[in-house]
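For reference, the structure discussed in these notes is given below.
The values are calculated or read from the model by the stated rules, or taken from the named source; none is laboratory data. These figures come from a predicted structure and were not determined experimentally. No Cβ is skipped: glycine too gets one built from the backbone with ideal geometry, and neighbour counts run over all protein chains shown.
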Amino acid sequence: MTIGVKEVKLERTAADQIFLPAILEGLVTTARHFFRNTFGKGQPGIDTIRYGEPDVRTEDYYPDRYRGVHRLMYREDGTVRCVACMCCSTVCPAKCIYIEAEDRHDDEEKAPRLFVIDELKCVVCGLCVEACPCDAIRMDTKTHMTAVETREEAVLSKIDLLKRGAPSVAVQGGLGPDYRKLQPDRDPRFPGA
């Protein structure tokens with residue numbers, strides 16, 4: 001079987017080369033939307049969130065899988081669950097997570113001395129949450145990052161992230177190899193196992 005090459009020539013008219021029809025088409029579309037939204041009798045589309053109205057809760061607009069701002073979970077004793085394994089900062093495509101580790105001095109684990117997330121760089125992909133092996137970072141707040149005046153305000157430190165956090169319900173080390181017998185109703189795939 002022989003593959004042939006088809007040569008295609010692009011022929012432009014003088015009107016196409018000066019871009020005037022495309023500019024006019026864009027202006028007509030913009031004017032149509034402006035007058036429909038300004039003088040129209042109907043409400044704006046369902047995708048428009050009306051933040052200024054006090055009787056409308058913005059949570060109603062978000063889908064169930066909406067993530068929100070990061071938060072750090074803490075243990076029962078109030079210490080951060082993070083063991084500074086660097087999985088979240090390694091997997092982050094935007095490189096917005098910075099961690100410096102230190103010894104915890106009471107266990108064999110490490111702890112983050114610095115844990116910083118730049119929310120302006122974050123692309124809200126959720127890979128950091130999936131990569132975390134100890135349920136330390138979550139994105140289930142369902143809240144937007146608040147408006148900030150300076151870039152420094154959008155960089156969240158360990159203390160800021162812990163304020164948003166809560167005690168983690170995850171069991172350190174899991175339930176072991178007999179987890180199906182210990183809690184059979186936890187996994188619906190194995191009823192009565």
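Worth pointing out:
- Scan the stretch 81-102 for residues that are on the phi < 0 side of the Ramachandran plot and either assigned to a loop (DSSP other than H, G, I, E, B) or modelled with pLDDT under 90 (or both) and the total you get is 8.
- Some residue of the stretch 106-114 being assigned to a strand (DSSP E or B), buried (at least 16 other Cβ atoms within 10 Å of the Cβ), within 16 Å of the chain's Cα centre (by Cα) and in contact (Cβ under 8 Å) with a residue 24 or more places away in the chain: no
- Which numbered condition Ala94 fails, given (1) exposed (fewer than 14 other Cβ atoms within 10 Å of the Cβ); (2) closer than 28 Å to Pro63 by Cα; (3) small (Gly, Ala, Ser): (1)
- Residues that are among the basic types (Lys, Arg) and farther than 21 Å from Arg104 by Cα, drawn from the stretch 63-78: Arg65, Arg67
- Cβ-Cβ under 9 Å pairs, at least 6 apart or on other chains, the stretch 19-31 side at pLDDT below 95, far side surrounded by 10 or more Cβ atoms within 10 Å (Cβ to Cβ): Pro21/Ala15; Ala22/Asp16
- Restricting the stretch 147-179 to residues that are among the polar types (S, T, N, Q) and at pLDDT below 85, the residue that is nearest to Cys134 (Cα to Cα): Gln172
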